[in-house]
1. Mind listing whichever residues of segment 19-48 are out of contact with any helix residue (DSSP H, G or I) (no Cβ under 8 Å at 6 or more places or on another chain), of a type in the set (A, V, I, L, M) and either at pLDDT 95 or above or surrounded by 14 or more Cβ atoms within 10 Å (Cβ to Cβ) (or both)?
2. Within segment 83-90, is there a residue that is in a loop (DSSP other than H, G, I, E, B), modelled with pLDDT of 95 or more and on the phi > 0 side of the Ramachandran plot?
3. With 141, 168, 160, 147 as the choices, which residue is within 15 Å of residue 27 (Cα to Cα) and either touching a helix residue (DSSP H, G or I) at 6+ places or on another chain (Cβ under 9 Å) or not β-branched (Val, Ile, Thr) (or both)?
4. Considering only segment 143-150, I want to know if a residue exists there that is touching a His at 6+ places or on another chain (Cβ under 8 Å), of a type in the set (A, V, I, L, M, F, W, C), at pLDDT 95 or above and part of a loop (DSSP other than H, G, I, E, B).
5. Could you tell me whether segment 57-64 includes any residue that is in contact with a helix residue (DSSP H, G or I) (Cβ under 6 Å, 6 or more places away or on another chain), touching a residue at least 12 places away in the same chain (Cβ under 8 Å) and either of a type outside the set (A, V, I, L, M, F, W, C) or over 28 Å from residue 170 (Cβ atoms) (or both)?
6. Among the numbered criteria (1) exposed (fewer than 12 other Cβ atoms within 10 Å of the Cβ); (2) under 19 Å from residue 37 (Cβ atoms), which single criterion is violated by residue 120?
7. Can you say whether residue 176 is more than 24 Å from residue 12 (Cα to Cα) and crowded, with 16+ Cβ neighbours inside 10 Å, as far as the supplied structure shows?
8. I'm trying to understand the selection: among the residues of segment 57-81, which are among the hydrophobic types (A, V, I, L, M, F, W, C), over 21 Å from residue 140 (Cβ atoms) and in contact with a Leu (Cβ under 8 Å, 6 or more places away or on another chain)?
Amino acid sequence: MTVETVSRREPTEVIRDADGAVRREIWALEAEQPTLEAFLRDVFENHWAGVRFGPLIEGAAYEWRCPSAPDKIGLMDGYLTVMFGHGGHFHLCIGENRGSERFPVAPELTRRRKPSKAQLFRGRGPDGKPVTWGFEMWNGSGEPMISIFFANPFIEDDDSLSKTPDFSRLATWRAISKRWLGRDPEALDEEGRGFAHG
C-alpha cells in the first residue's frame, strides 16, 4: 500500500490562552482509512517502544505501553487490529464497518464508528514551551477513540518525571512530523523544561 504523506508545515489550528500564549498546535490528518492505516502502522511498527496510548475521555485517561513490537497488524471490515501476541491486542475502527450479509451493521452505527477527525498535536506548558507531542482521533459522534502520546523528553520509561530532559526522546515526534507533516526538526522542541507542578 502506498499513501502519500501530506505536507502541512504550519498548524491547521492554534489554541491560545486568554493572554495570547500558545497552548496547543494542531495539524489535521485525513480521517480516511488508507491514511489512518498507513499512519497507525507507522506508529505501531516503527515507534512502538516509546508510545503510550488509549482513550482519553472526560474523567479518565488510559496510557498503556506496547508490551512488545506488534506480532501482527491486520485490517478487516474497517477495523485495524494490532496484536501483541500474549500481551493483548486492540481493535480500532478506521473505515467503513459494514458487517456481513447475514449480520449487516446499521448505517447509523457505521457512521458513528467511522473516524470523523484525526490530528497530530504539540502541547505547550505555562511558559509557552512544548511539553507533549502526539496524535488524537474521534469517531463520527465526536467521541474520543484513541490518544497516542509520543516518547517525551520529560518522562522516563517508568513514567516518572525526568530530572534532566532527554531530547533524544523527540525522535518519534521528529520522524512522524517529517513524514506526515513535511516538517524538519525545530529548536523550539528543545526549549521546554518539563512539567510544572505545585
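1. Scanning segment 19-48 gives 22, 26, 28, 31, 36, 38, 40.
2. The initial filter retains those residues of segment 83-90 that are in a loop (DSSP other than H, G, I, E, B), namely 84, 88.
If we keep only those that are modelled with pLDDT of 95 or more too, we end up with 84.
When the remaining residues are screened for being on the phi > 0 side of the Ramachandran plot, the result is none.
No - not one qualifying residue is present in segment 83-90.
3. Working: 141 fails: within 15 Å of residue 27 (Cα to Cα); 168 fails: within 15 Å of residue 27 (Cα to Cα); 160 fails: within 15 Å of residue 27 (Cα to Cα).
Being within 15 Å of residue 27 (Cα to Cα) and either touching a helix residue (DSSP H, G or I) at 6+ places or on another chain (Cβ under 9 Å) or not β-branched (Val, Ile, Thr) (or both) holds for just one of 141, 168, 160, 147, which is 147.
4. Within segment 143-150, the subset touching a His at 6+ places or on another chain (Cβ under 8 Å) is 150.
Now restrict to residues that are of a type in the set (A, V, I, L, M, F, W, C): 150.
From the residues that got through so far, the ones that are at pLDDT 95 or above too are 150.
The next check asks that each one be part of a loop (DSSP other than H, G, I, E, B); those that pass are 150.
Yes, segment 143-150 has at least one match.
5. From segment 57-64, those in contact with a helix residue (DSSP H, G or I) (Cβ under 6 Å, 6 or more places away or on another chain) are none; that's our starting set.
No, because not a single residue in segment 57-64 is in contact with a helix residue (DSSP H, G or I) (Cβ under 6 Å, 6 or more places away or on another chain), touching a residue at least 12 places away in the same chain (Cβ under 8 Å) and either of a type outside the set (A, V, I, L, M, F, W, C) or over 28 Å from residue 170 (Cβ atoms) (or both).
6. Unmet for residue 120, out of (1) exposed (fewer than 12 other Cβ atoms within 10 Å of the Cβ); (2) under 19 Å from residue 37 (Cβ atoms): (1).
7. Numbers: more than 24 Å from residue 12 (Cα to Cα): no; crowded, with 16+ Cβ neighbours inside 10 Å: yes.
No; evaluated as a whole, the condition is false for this residue.
8. 73
The values are calculated or read from the model by the stated rules, or taken from the named source; none is laboratory data. Just so it is clear, the model here is predicted, and its values are computed rather than measured. Methodologically, a virtual Cβ is constructed for each residue, glycine included, from the backbone with ideal geometry; neighbour enumeration extends over all protein chains shown.
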